[in-house]
Amino acid sequence: MKKSIPGWKINIEEISNGAFRVTLTDAYGRKAEIVDSATDETIEKAIGDAFDIEKQISKNWNLFLYDLCIQRLGNANVKTKEYNDKAFGSWFIESQNKRLVYDGKDSWLIFQTKSTNGWTDIEIIRKDELKYSSFVRQINML
């Protein structure tokens, strides 16, 4: 199954016996490319490179993160979700007693859990420290 991320198309091409070129291309022609075996790990590495390109140059980074999170979760695990363009592109996606919040003003990704006292921050990652692997890890905790 071909995976991708919002705004990027994926192409997997066998270039020799057992060697594949995994290329992700965005609407502007920018590419993230890896040549290796066509394993899920290789595809995830290429997606990680595209994620880094998005982080550096995207004019709508907050919406990209939101769309990617929704894509990875699917609607099955999502209880509530909201993207607010008027609040600096802040958003949250909530499952049972956990949620992922993006503070668009400060560019922080926050994983929270809910208790009787309200929401508690468990982990905060600043945009400049955010890696694709840590983003996926937070999504998987939902």
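Only one of (1) over 20 Å from Arg137 (Cα atoms); (2) of a type outside the set (D, E, K, R); (3) at pLDDT below 95 is not met by Gly74, so which one is it?
Evaluating Gly74 over (1) over 20 Å from Arg137 (Cα atoms); (2) of a type outside the set (D, E, K, R); (3) at pLDDT below 95 leaves (1) as the failure.
Listed residues Ser58, Ser90; which is within 22 Å of Thr25 (Cβ to Cβ) and among the small types (Gly, Ala, Ser)?
On the way: Ser90 fails: within 22 Å of Thr25 (Cβ to Cβ).
Residue meeting the stated conditions: Ser58.
If a residue counts only when it is under 16 Å from Arg72 (Cβ atoms) and free of Cβ contacts under 8 Å to residues at least 60 places away in the same chain, which strands (runs of 3 or more DSSP E) contained entirely in region 6-56 have at least 2 such residues? Spell out the reasoning first.
Numbers: elements: 8-16, 19-26, 31-36.
Those strands (runs of 3 or more DSSP E) span 8-16.
Could you identify the single residue in Ser95, Ser133 that is touching a residue at least 40 places away in the same chain (Cβ under 8 Å) and exposed (fewer than 14 other Cβ atoms within 10 Å of the Cβ)? Write out each step before concluding.
Values: Ser95 fails: exposed (fewer than 14 other Cβ atoms within 10 Å of the Cβ).
Going through Ser95, Ser133 in turn, just one is touching a residue at least 40 places away in the same chain (Cβ under 8 Å) and exposed (fewer than 14 other Cβ atoms within 10 Å of the Cβ): Ser133.
Among the residues of region 98-135 satisfying the criterion of being among the β-branched types (Val, Ile, Thr) and at pLDDT 95 or above, which is nearest to Lys45 (Cα to Cα)?
Applying the first criterion (among the β-branched types (Val, Ile, Thr)) to region 98-135 yields 101, 110, 113, 116, 120, 122, 124-125.
Still in the running and at pLDDT 95 or above: 101, 110, 113, 120, 122, 124-125.
Working: Val101: 25, Ile110: 23, Thr113: 29, Thr120: 32, Ile122: 26, Ile124: 23, Ile125: 20 Å.
Among those residues, the one meeting the criterion is Ile125.
Consider Asn75 against the criteria (1) assigned by TED's automatic domain parsing to the domain that holds Trp119; (2) outside any helix (DSSP H, G or I); (3) over 20 Å from Glu129 (Cβ atoms); (4) within 15 Å of the chain's Cα centre (by Cα): it satisfies all of them except one. Which criterion is unmet?
(4)
Any chance you could count how many residues in region 98-130 are assigned to a strand (DSSP E or B), closer than 17 Å to Lys55 by Cβ and in contact (Cβ under 8 Å) with a residue 24 or more places away in the chain?
3
The values are calculated or read from the model by the stated rules, or taken from the named source; none is laboratory data. Computed from a predicted model, the values in this text were never measured in an experiment. No Cβ is skipped: glycine too gets one built from the backbone with ideal geometry, and neighbour counts run over all protein chains shown.
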